[in-house]
Amino acid sequence: MASSVGYKRKRGLVIGINQYPAGRSLQYCINDAIDLANTLQNIGFQITLGLDCNRNDFLDKANIFIKTIEPDDLVLFYFAGHGKQNEDENYLLLSDYNYDHRGHESDYIVTNGINVHYIMNEIKKKKCRTTIYLFDCCRSKIRTRGSDSKQGLSPVNAPDQTLVVFACAPGKTLLDETKNNKNGIFMQNVLKHISAPNKDIEEVMRKVADGVNQQRGGGSQWPYWSSSLMDKVYLATSNNQESPPYQNPELEQMISKIKNESSITFDDKKLTGDDMEIVAYYLLKDNTTLTKLNLYENQIGDKGAQYLGEALQNNKVLTILNFSSNRIGDKGAQYLGEALHNNKALTELELCENQIGDKGTQYLGEALKKNTALAKLNLSSNQIGDKGTQYLGEALHNNKTLTELFLCSNRIGDKGAQYLGEALQKNTTLTELAISDNQIGDEGLECVGEGLKKNSE
């Protein structure tokens, strides 16, 4: 039988929307999303969290999340907010959904909502082992006057190895109300049962449904689900602390002697991607003392970056990581960028000489837009060109914590320097920018200089 022990990773995309235009705001969706995200993290999930997203923000998060899905993953998607059906298709409504009754809402919702089938099809393409959808979005405050669409959501047939759960029956709506002054009724019951070890997810949903029915009384709200799961699926197990299957006795013995140190150096030890499974498990997963880790010049690659990225999602103590000269490439940068979305401890990250190009820089740039901890980032001696510099420049418009950025010995030209100059005009926290040994001419240097001038005004 399938269980979380057999999954390569457990990953969740969790979205909560309270703020809507025109008096349609909700009260408990953000609480529900945050509490579910924290609960899932505690049972080993890597979480991408979105709160009060507009349509573009949601698509950015969803696309990055979906791109990283792998075949052996367990994937969970949760949406709390307004949802609606149109011509028997379901749509999720984001914070900028503002139908004003000019024209038919059936036309407006197609271009301004998010089609549930689109999300499900994109995830299905990744062929992950198991997918769970929780749609807590049959809310009652959405306007229907002048609309061709019906209330509630339309039934959904679950694709292979998928569970689809609605907070209430198809075609019905639920009230935006609470029994504990914090969570919606559906999520209050989900939180009560979802982290129970060795409980099949369908058994969990039956308990959730029973709890909701008792609190709402008389079946006025009854969660509905459609399942094509062939085996039992456990989100949590009683042996979550099982050691990694890959073994390197020499490395494990070395770690056992130093695991309580605050600073550990493994530079030029010929460590591989597989070895990072051991390092991540013993030094990052539950470690409360390690604040500085040096992995300079090993043979870690993108596979090792994946293990470290997963561990950094929940690590709360590591502040300095030197990961230079490990050939992680764009894929490895993607894993680390995903970690930076959630990590709130890391303040210094060294990624020199890692064959990171413009695509990898895009992932890091997206992370910098959200990250609130990183103060120093070194990307020198990579393969970053003007496009990658554009991504970093856009990130600097939003980032409020980065003070040092090193981009020496890349492939940045005048256009890239222009992007940096424009960013410097807006950014108020960066104090050191290193761009020597690039392909920047007089025009580019002038752009940077103008940015510095306006920055200091």
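Read-outs throughout are calculated quantities, based only on the coordinates presented, and are distinct from any laboratory measurement. Please read these numbers as outputs of a predicted model, since none were measured by experiment. Virtual Cβ from ideal backbone geometry, glycine too; neighbours counted across all protein chains shown.
Data for the structure
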read-out	value
Trypsin sites (Lys or Arg not before Pro) restricted to region 56-125 and DSSP loop, no more than 12 other C-beta within 10 Å	Arg102
Contour minus Cα-Cα distance for Gln215 and Ser106 (0.36 nm per residue)	35.8 nm
Cα-centre dipole for region 249-455 with unit charges at Cβ (Lys and Arg positive, Asp and Glu negative), debye to 20	620
Order of Lys426, Lys376 - criterion: other Cβ atoms within 10 Å of each residue's Cβ, fewest first	Lys426, Lys376
Restricting region 251-300 to trypsin sites (Lys or Arg not before Pro) in coil, as DSSP defines it, with at most 12 other Cβ within 10 Å	Lys270
Net charge of Cβ neighbours under 12 Å - reference His397; Lys, Arg +1; Asp, Glu -1	+1
Label-point gap, in nm, between Ser256 and Ser25 - each point 7 angstrom along Cα→Cβ	5.7
Partner lysines for Lys426 [C-alpha distance under 16 Å; skip if fewer than 8 residues away on the same chain]	Lys369, Lys400, Lys453, Lys454
Potential extension, Lys270-Gln425 segment - 0.36 nm per residue separation minus Cα distance	51.5 nm
Computed FRET value (nearest 0.05) for Tyr246 with Lys387, which takes r as the C-beta separation and R₀ as 45 Å	0.80
Shape call, region 249-455: gyration tensor on alpha carbons, a/c limit 1.5	prolate
Assigned charges on the beta-carbon of Lys, Arg, Asp, Glu; the chain dipole about Cα centre (debye)	1540
Relative contact order (percent, whole number), the chain, Cα cutoff 8 Å, 6+ residue spacing	9
Length-normalised contact order for region 316-455 - Cα pairs under 8 Å, 6+ apart - percent	20
Prolate/oblate/rounded call for the chain, Cα gyration tensor, a/c under 1.5 rounded	oblate
Student exercise, region 4-227 dipole from Lys, Arg, Asp, Glu Cβ charges, in Debye to nearest 20	340
The chain - mean residue ellipticity at 222 nm from DSSP helices (-39,500 (n - 2.57) per run, n ≥ 4, rounded to 500)	-11000 deg cm²/dmol
Where trypsin sites (Lys or Arg not before Pro) fall in DSSP loop in region 312-345, at most 15 other Cβ within 10 Å	Lys316, Lys344
Positive-pole candidate from Asn248, Thr431, Gln390, dipole of the chain, charges at beta carbon	Asn248
Computed E for Gln439/Ser228 - FRET, C-beta separation, R0 45 angstrom, nearest 0.05	0.25
Cα-projected label distance for Lys400 with Asn121, points at 7 Å along beta-carbon direction, nm	4.0
Three-way shape label, region 181-310, alpha-carbon gyration tensor, a/c 1.5	prolate
Net lengthening on full extension, Lys192/Ala373 (0.36 nm per residue, minus Cα-Cα)	62.0 nm
